[in-house]
Amino acid sequence: VGRLQDKVAVITGGAGGIGKVTAQHFLDEGASVVLVDLFEDALAEAKKELGGKVLTVQADVSKEEDVQKYVDKTVEQFGKIDIFFNNAGIEGKVAPITEQKVEDFDKVIAVNVRGVFLGLQKVLPVMIKQKSGSIINTSSVAGLGGSPNVSPYITSKHAVVGLTKAAAVESAPHGIRVNSIHPSPVNTRMMRSLETGLEVDEATMAKSIPLGRYGESDDIASLVVFLASDESTFITGSQYRIDGGMAAL
Ligand code: NAD
C-alpha cells in the first residue's frame, strides 16, 4: 500500500510544473487526484500524461465561485478531501517598486493571496466535518526574505506564511494540519520567465545555491508527500525550506 492510500487530494496549479509532478507522486502513493488549473488545454494534457484517472476542473483560484466549484466537484465525485495542495501562483512583473504598476501588484495578490485564502475558506469546512486533513500552501524562499525587483511576489509569498499560521491554529482543534513550503528556484516555466525578467541564466543563478543546482519538481513533491501523509501528524503551522542550502549562506 502507498503512503497516501485511498486519500483524496486536490492540487491547484495542477497542470503546472510542481503541481503535475506532485500529482504523479500522489497517484503513485495510492491517492485519487483532482487537478485545478486556469487552462483547459494544459489540464487535458496533464490528464493524458497522468493516465486519465484524475479529475480535472478548470477554475480561476482568485474567483470565489470558481473555488466553490472545484470543492463541490471534488466532494461530488469522491465524497471527501484529505489533502489540499494550495499551490497555484504567478510570478508577476520584474521591476523595482518605483516602476511596478498597481494593477500588476493587485493581480499577483489576487492569485497568490486571495486564491490561497479562498481555497482555505472553501476546503476547511469539508475537512472540519471529517475532523481530518492536511493542507500544504506553496510559498517560496521569497516568503521568508527579500530579493530585488519582485516586490508583488515577495509580498504575496510572505502573506502565505501568515495565512498558514492563522489557518494552522484555527484548524488544529479539528484535527487538521496546515504547513507551508518554501522552495528556492525550481526548474519550471516560472523560473524560465523569471530568468528572462531578471536577465540571468540558470548557471549563474545556480552559483548562489550551495548544492549548485535548481530544485526539480520531484524534490518538491517528495516534501509535499511527507507533509500530506500520516508520517507528519505532529507537524502543523511550520515553514519548510527546501532550498539547496541557501539558508545556510
Ligand atoms: P508553473 O507556472 O509551472 O505552474 C503554476 C500553475 O498555476 C500553472 O499551471 C498556471 O496555469 C496555474 N495558475 C496560475 N494562475 C492561476 C489561477 N488564477 N487559477 C488557477 N490556476 C492558476 O510554476 P510552478 O513553478 O509549478 O509554480 C507552482 C507554485 O510554486 C507557485 O505558487 C510558485 O509561486 C511556487 N514556487 C515556484 C518556484 C520556482 O522556482 N518555480 C519557487 C518557489 C515557489
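Among the residues of the range 215-249, the one identified as in contact with a strand residue (DSSP E or B) (Cβ under 6 Å, 6 or more places away or on another chain) and more than 30 Å from K7 (Cα to Cα) is A247. Against the numbered list (1) free of Cβ contacts under 8 Å to residues at least 24 places away in the same chain; (2) buried (at least 18 other Cβ atoms within 10 Å of the Cβ), K48 comes up short only at (2).
Of all residues being among the β-branched types (V, I, T) and either at pLDDT below 95 or more than 16 Å from the ligand (Cβ to nearest atom) (or both) in the range 1-26, which is farthest from the chain's Cα centre (by Cα)? Just the residue, please.
In the first step, residues of the range 1-26 are kept if they are among the β-branched types (V, I, T); the result is 1, 8, 10-12, 18, 21-22.
Filter once more, so that each one left must be either at pLDDT below 95 or more than 16 Å from the ligand (Cβ to nearest atom) (or both): 1, 8.
On the way: V1: 26, V8: 16 Å.
In this case the residue turns out to be V1.
Would you list the helices (runs of 4 or more DSSP H) that sit entirely within the range 127-226 and hold 3 or more residues that are under 24 Å from T22 (Cβ atoms) and within 11 Å of the ligand (Cβ to nearest atom)? Don't jump to the end; show me each part of the working.
Details: elements: 151-171, 189-198, 202-206.
Counting at least 3 such residues, we get 151-171, 189-198.
Just for strands (runs of 3 or more DSSP E) wholly inside the range 1-91: which have at least 1 residues that are in contact with a strand residue (DSSP E or B) (Cβ under 6 Å, 6 or more places away or on another chain) and under 18 Å from S217 (Cβ atoms)?
Working: elements: 8-12, 32-37, 55-58, 83-86.
Filter on the range 1-91 gives 8-12, 32-37, 83-86.
Here V21, V75, V111, V57 are screened, and the one residue that is closer than 20 Å to V160 by Cα and aliphatic (A, V, I, L, M) is V111. Within the range 62-83, the set of residues being of a type in the set (A, V, I, L, M) and either farther than 19 Å from T138 by Cβ or modelled with pLDDT under 95 (or both) comprises just one member, V75. None of V161, V169 is modelled with pLDDT of 95 or more, touching a His at 6+ places or on another chain (Cβ under 9 Å) and surrounded by fewer than 19 Cβ atoms within 10 Å (Cβ to Cβ) except V161.
The values are calculated or read from the model by the stated rules, or taken from the named source; none is laboratory data. None of these values were measured; they are calculated from a predicted model. Every residue, glycine among them, receives a Cβ derived from its backbone with ideal geometry; neighbour counts consider all protein chains shown.
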